[in-house]
Amino acid sequence: MRTAADLADFAQVIADDETPLARATENTLLARSKSQMRPPMPRPSATRVMVVANQKGGVGKTTSTVNLAAGLAQLGQRVLVVDLDPQGNASTALSVDHFQGTLGTYELLVDDTALNEVVRPCPEIPLLDVVPATIDLAGAEIELVSVVAREGRLKKALLGSGRVGDSSLGEDRWDYVLIDCPPSLGLLTLNALVAGAELLIPIQAEYYALEGLGQLLKTVDMVRAHLNPDLAVSTILITMYDARTRLAAGVADEVRGHFGDQVLRTYIPRSVRVSEAPSYGQTVMTYDPGSPGALSYLEAAREIARKGMEA
Ligand SMILES: Nc1ncnc2c1ncn2[C@@H]1O[C@H](COP(=O)(O)OP(=O)(O)OP(=O)(O)O)[C@@H](O)[C@H]1O
Ligand SMILES: [Mg+2]
């Protein structure tokens, strides 16, 4: 039988334990207790419309959109996610229905349905709303071609909602609108670039990370010159960062060399918890709030909110 003295000895052994495992356990416990503390941040003076785009597929656009949105909401911000990808992955992760027939982005862009009619609250996360995307949206890319002012549809819908703008709009005003773009530079992404003032580019810490970015930046210049002078690349987020590899560190340095302070200091680690959350209809912020992925997204959200205060 163990005595209290034995247990005290045992606790001392654990406390003295400097093995990596002990340290990892301690870090996780610390992170968990920290994650309970989420003091609200001040709200921006006007809605910040952020376009999450990179025409390269699978770099973490959707994952970053939903987790940053959840993080911002956890920091007391009112957030709208617009799912602009016909795959509807953001809608899935936020647990919002997007079966065919559900009103969503397609109706908003093609049928002139009002934003307030297509918006749904995220059931898991207070302060977070979603415009879901159904597979119908795949047709919008073609159907919009013949529509008047086809690239300004999303902007018109946002402004017409009465919930995007400065604080005169009242309590219901959204502080952030995050737009999850498909991996292409077609009319859907163009609508986002016209509607937003800030572009957030997720970059995967992998070989060829910067490949293809030139095309995106050229599109941004074109949009700025002809359609939306307010547009700027405001935020670069390094995703799927593997701290054990020199390659990831090298890529991150290269990205920082290109974009400087636009790169968030927080890198999102590659983590299984992040990738399994959507299959439970959740973000990692609710699925495993103490995990490194969730804590990183929360810290990145804090950085974004803080940057808005400086501007
Ligand atoms: N930090 C991470 N750790 C582990 N897996 C991740 C992480 N971020 C994203 N993933 C996984 O990588 C894949 C691609 O991510 P995601 O869907 O967010 O990219 P995307 O840029 O939106 O892709 P698409 O271009 O198809 O829209 C997904 O399976 C996702 O779960
Ligand atoms: Mg996506």
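The values are calculated or read from the model by the stated rules, or taken from the named source; none is laboratory data. Everything numeric in this text was worked out from a predicted model, so none of it was measured. Please note: Cβ atoms are built from the backbone with ideal geometry, for glycine as well, and neighbour counts cover all protein chains shown. Ligands, DNA and RNA are excluded from the accessible area calculation, which covers all protein heavy atoms including side chains. Shrake-Rupley method; radii C 1.70, N 1.55, O 1.52, S 1.80 Å.
Beta carbons closer than 6 Å, at least 6 apart along the sequence or on distinct chains, pair a first residue in region 213-235 that is within 13 Å of G196 (Cβ to Cβ) with a second that is part of a strand (DSSP E or B) and not acidic (D, E) for V233/L199; T235/L200. If the condition is being buried (at least 24 other Cβ atoms within 10 Å of the Cβ) and either assigned to a loop (DSSP other than H, G, I, E, B) or within 14 Å of the chain's Cα centre (by Cα) (or both), then region 89-107 contributes A90, S91, A93, L94, V96, H98, G104. In region 36-59, of all residues being open to solvent by 10 Å² or more (accessible area, probe 1.4 Å) and touching a Pro at 6+ places or on another chain (Cβ under 6 Å), the one that is nearest to G170 (Cα to Cα) corresponds to Q55.
Residues considered: V274, V255, V251. Of these, the only one that is surrounded by 16 or more Cβ atoms within 10 Å (Cβ to Cβ), within 16 Å of ligand 2 (Cβ to nearest atom), of a type in the set (A, V, I, L, M) and outside any loop (DSSP other than H, G, I, E, B) is V274. Can you name the residue in region 154-191 that is assigned to a strand (DSSP E or B), open to solvent by less than 40 Å² (accessible area, probe 1.4 Å) and away from ligand 1 (no atom under 16 Å from the Cβ) and, of all such residues, is nearest to G71 (Cα to Cα)? The qualifying residue nearest to G71 (Cα to Cα) is Y176. Reported count of residues in region 111-128, each being part of a helix (DSSP H, G or I) and open to solvent by 30 Å² or more (accessible area, probe 1.4 Å), is 2.
Evaluated against (1) in a helix (DSSP H, G or I); (2) closer than 27 Å to G308 by Cβ; (3) touching a residue at least 60 places away in the same chain (Cβ under 8 Å), I203 falls short on exactly one condition, (1).
Residue by residue through region 206-229, note down the ones that are assigned to a loop (DSSP other than H, G, I, E, B) and touching a helix residue (DSSP H, G or I) at 6+ places or on another chain (Cβ under 8 Å).
Scanning region 206-229 gives E206, Y207, A209, L210, L227, N228.
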